[in-house]
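The block underneath contains the structure these notes are about, expressed in structure tokens.
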Amino acid sequence: MNVVVDPSAGSPPYEQIRAQVALMVGAGVLAPGARLPTIQQLANDLVLAPGTVARAYKELERDGIVVSKRRKGTTVAEAPPKVATREIREELDAAVQRFALAVRQLGADHDDALGKVRRLLDA
């Protein structure tokens, strides 16, 4: 599960985690029954306090996206809400715009930048 937290973003870390997981579940990237990392593991991976991850998971559970069971961990709900295609397209458009801006600001070669994206997507 690829989740990234940007400390300079306008939203708090728990909300960034919640939004990214919700989008991955809604888009079908995380299938029903898929196991999420433990709170401690994700907190360690993202260098965050466990309480931050716990809050994100609690909100995901409140929204019916995940199910948490003691000693069994947190998994994607069997019938999670779907994300609208329009919402996925909007998220993708925003990500592409941020990437294009960064490439221009860095003065990077466009072919080189696109090649790096292809390699990351294929990995």
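Every read-out reported here was derived from the displayed coordinates using simple, explicitly stated rules and does not represent laboratory data. All values derive from a computational prediction rather than experimental measurement. Cβ sites come from the backbone with ideal geometry, for glycine too, and all protein chains shown count toward neighbours.
Taking other Cβ atoms within 10 Å as a rough exposure proxy, 3, 47 sort from fewest to most as 47, 3. Shape class of the stretch 1-41 from the alpha-carbon gyration tensor: oblate, with a/c at 1.5 or above and b/c at least as large as a/b.
Only helices at least 30 Å long along their axis, Cα-based, and averaging -0.5 or more on Kyte-Doolittle count here, so list those DSSP H runs from the chain.
Details: long enough: 85-106 (31 Å, -0.25).
Once both thresholds are applied, what remains is 85-106.
Put in line by how crowded their Cβ is, counting other Cβ atoms within 10 Å and starting with the fewest, 8, 68 read 8, 68.
How much mean residue ellipticity at 222 nm does the chain get from its helices, if each DSSP H run of length 4 or more adds -39500 (n - 2.57) and you divide by all residues, to the nearest 500 deg cm²/dmol?
Details: 5 runs with 70 residues, N = 123.
Calculated mean residue ellipticity at 222 nm is -18500 deg cm²/dmol.
If you add up the charges near residue 26, with Lys and Arg at +1 and Asp and Glu at -1, over every other residue whose beta carbon is less than 9 angstrom from its beta carbon, what do you get? Could the numbers behind the result be given before it?
Numbers: positive: 82; negative: 87.
Its environment carries a net charge of 0.
Choose one of 26, 105, 11: the residue whose Cα lies farthest towards the positive end of the charge dipole of the chain (beta-carbon charges +1 Lys, Arg; -1 Asp, Glu; about the Cα centre). Selected residue: 26.
Springs between Cα atoms under 10 Å define the GNM used for the chain, and in it the highest mean-square fluctuation of 106, 60, 46 occurs at 106. About its Cα centre, the stretch 13-76 has a charge dipole of approximately 360 debye under the convention of +1 per Lys or Arg Cβ and -1 per Asp or Glu Cβ, with nothing else charged.
With 0.36 nm allotted per residue and the present C-alpha distance subtracted, the residue 97-residue 2 stretch has 32.2 nm of extension available. Excluding same-chain neighbours fewer than eight residues apart, the lysines reachable from residue 82 by a Cα-Cα span under 28 Å are 58, 69, 72. When the Cα positions of 114, 73, 39 are compared along the charge dipole of the chain, 73 comes out farthest toward the positive end, with charges on each C-beta of Lys, Arg, Asp and Glu.
Among the listed options (i) 11.3; (ii) 9.6; (iii) 8.6, the one matching mean projected area of the Cα convex hull in nm² as calculated from these coordinates is (iii).
For the stretch 40-123, give the magnitude of the charge dipole about the Cα centre (Cβ charges: +1 Lys/Arg, -1 Asp/Glu; no others), in debye to the nearest 20. Don't skip to the end; give the middle numbers.
Working: 15 positive and 13 negative charges, 101 e Å.
Its charge dipole is roughly 480 debye.
Going from the fewest other Cβ atoms within 10 Å to the most, the residues 88, 17 appear in the order 88, 17.
For the chain, a Gaussian network of Cα nodes joined below 10 Å ranks 113, 34, 19 by mean-square fluctuation, and the top entry is 113. When the chain is treated as a GNM with alpha-carbon contacts under 10 Å, the residue of 101, 42, 23 showing the greatest mean-square fluctuation is 101.
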